[in-house]
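Trainee: Input: one structure, supplied below.
What follows draws every value from the coordinates through simple rules; no lab data is involved. Quick caveat, the model's predicted, so the values are computed rather than measured. Cβ placement follows ideal geometry from the backbone for every residue including glycine, while neighbour counts extend to all protein chains displayed.
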């Protein structure tokens, strides 16, 4: 009774309510019933098989692909499912598949993807933009894709390794574009290369800029460099070989199966002998720019084999091996073997031959001019606005004020001495000189090519004479 009185006085409860509280028992925790399992282990194995057949895509895409995948795998007896299991697979949700495959995905690890190159490693690899007459052994490397008109899925790749000094080129076929395959192809190309590799220049792709290739070059004592991003001309030598050798041999079809890989490998084993020993090529010596025209000077055409023998840095042992190989080669037999392998390779192409023949044979008809639809409104006339004069423009004109007979080359050298690389090009100087001359016709007799010296009559009329250094000065 005393307990009841104390509870009522402390809480203010009614005595009946307090009595029920004291007489009652503690509430028992509700037991949570587990949901009955809908998908058993057998169905999990089916989902796993379908997921692997779909190239480990996400669950939402897998749900959409199940109506197509299930009949295809059943027809080839990869899976055998009952009607009830088929109904369950066709009604399963993406979230349920995620729960079912959680443990499976952990076991298989992340899916291999083409990630961008390692940023920290890329910053450690020096950039090479041009070659300064390197020794044989410094090479450029690149990949050529054989995906046809589509980049979807997996298809063969070709690795091209080109020597800068001699033009010696090695090609290796790759099943896919991965770091491991690229490293194996480079190692195979280096084994076939007649001299030790000194340097390797690559692009910024993740198949080259990675720790595997970096460790390989460090262990082999090879200098690893890279080109600038989105600057194909930094690797002009290997890009030229991609078109002259790979595309000319293989074309632009799609190749993706193992048979194509074997044929492509065999084709490159023969083409390397034919191209390196019997195909001469030009080598650029220098370029000269005269106004807007660029003149290129090449040496006499030589084969890479001949350039190897003529180079003094190549060892006598390597030259002896090259001569032994050359003596046993038949160029006609090599060429016939290449044509035979080409025909077999093109038969394994995954491209549509009918569409290709139709695109080649169908002439492109031009629409007659009278049938062309008129534009809704005419194109506006271009009205270029007048550009502002810069400080360099005024300096050019000031030099002409002091000496109107100066040439563009002389003024350009003056600006180079003042501003260095920030100076404008000579064509810009010439354009600004033309503007000044149009505003000063009184000096028109000085504008043609100045002769060896001016006559005394002209000097008396204009007040200018030509000194021994062919510079016009004021009298």
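Trainee: If I take R0 = 60 Å and measure r between the Cβ atoms of residue 120 and residue 20 in this structure, what FRET efficiency does the formula 1/(1 + (r/R0)^6) give, to the nearest 0.05? Show your work: numbers first, answer last.
Mentor: On the way: r = 72 Å, r/R0 = 1.20.
Computed FRET efficiency for residue 120 and residue 20: 0.25.
Trainee: May I pose another question? Using a Förster radius of 41 Å, what is the FRET efficiency between residue 78 and residue 214 based on their Cβ-Cβ separation? Nearest 0.05, please. Kindly include the intermediate steps, with their values, before the conclusion.
Mentor: Working: r = 41 Å, r/R0 = 0.99.
In this case the efficiency is close to 0.50.
Trainee: Can you give the percent of C-alpha pairs in segment 41-108 whose distance is more than 13 Å? The partial results should precede the final answer.
Mentor: Working: 1387 of 2278 pairs.
Summing the P(r) of segment 41-108 above 13 Å gives 61 percent of all pairs.
Trainee: Work out how much length residue 340 to residue 437 would gain on full extension: take 0.36 nm times their residue separation and subtract the Cα-Cα distance, in nm to one decimal. Mind dumping the intermediate values first?
Mentor: Values: separation 97, 0.36 × 97 = 34.92 nm, distance 6.76 nm.
Answer, rounded to one decimal: 28.2 nm.
Trainee: FRET efficiency for residue 42 and residue 389, Cβ-Cβ distance as r, R0 = 60 Å, nearest 0.05?
Mentor: For residue 42 and residue 389, the calculated efficiency is 0.10.
Trainee: Additional query: Under a plain spin-label model, where a point goes 7 Å from the Cα along Cα-to-Cβ, how far apart in nm are residue 131 and residue 223?
Mentor: Going by the 7 Å Cα→Cβ label model, 1.2 nm.
Trainee: Can you give the direction-averaged projected area of the convex hull of the alpha-carbon atoms in segment 172-258, in nm²? Walk me through the numbers on the way to the answer.
Mentor: Details: hull surface 25.9 nm².
It is 6.5 nm².
Trainee: Relative contact order, percent, of segment 393-448 when contacts are C-alpha pairs under 8 Å separated by at least 6 residues? Walk me through the numbers before you get to the answer.
Mentor: Details: 33 pairs, mean separation 21.9, N = 56.
About 39 percent, as a whole number.
Trainee: Then there's this: Can you sort 46, 17 so the residue with the fewest Cβ neighbours within 10 Å comes first? Before the final figure, lay out the partial values.
Mentor: Details: 46 20, 17 12.
The most exposed by this proxy come first: 17, 46.
Trainee: On to the next question. Packing-wise, with mean Cβ within 10 Å as the measure, how do 312-321, 290-299 rank, highest first?
Mentor: Values: 312-321: 12.1, 290-299: 8.7.
Going from most to least packed, we get 312-321, 290-299.
Trainee: Using the count of nearby Cβ atoms within 10 Å as a rough guide to exposure, how do 84, 349 rank from fewest to most?
Mentor: Values: 84 9, 349 19.
Lowest to highest Cβ neighbour count: 84, 349.
Trainee: I've got another one for you. Could you calculate the contour length gain from residue 315 to residue 55, that is, 0.36 nm times the residue separation minus the distance between their Cα atoms, to one decimal place in nm?
Mentor: Numbers: separation 260, 0.36 × 260 = 93.60 nm, distance 4.99 nm.
Roughly 88.6 nm would be gained on extension.
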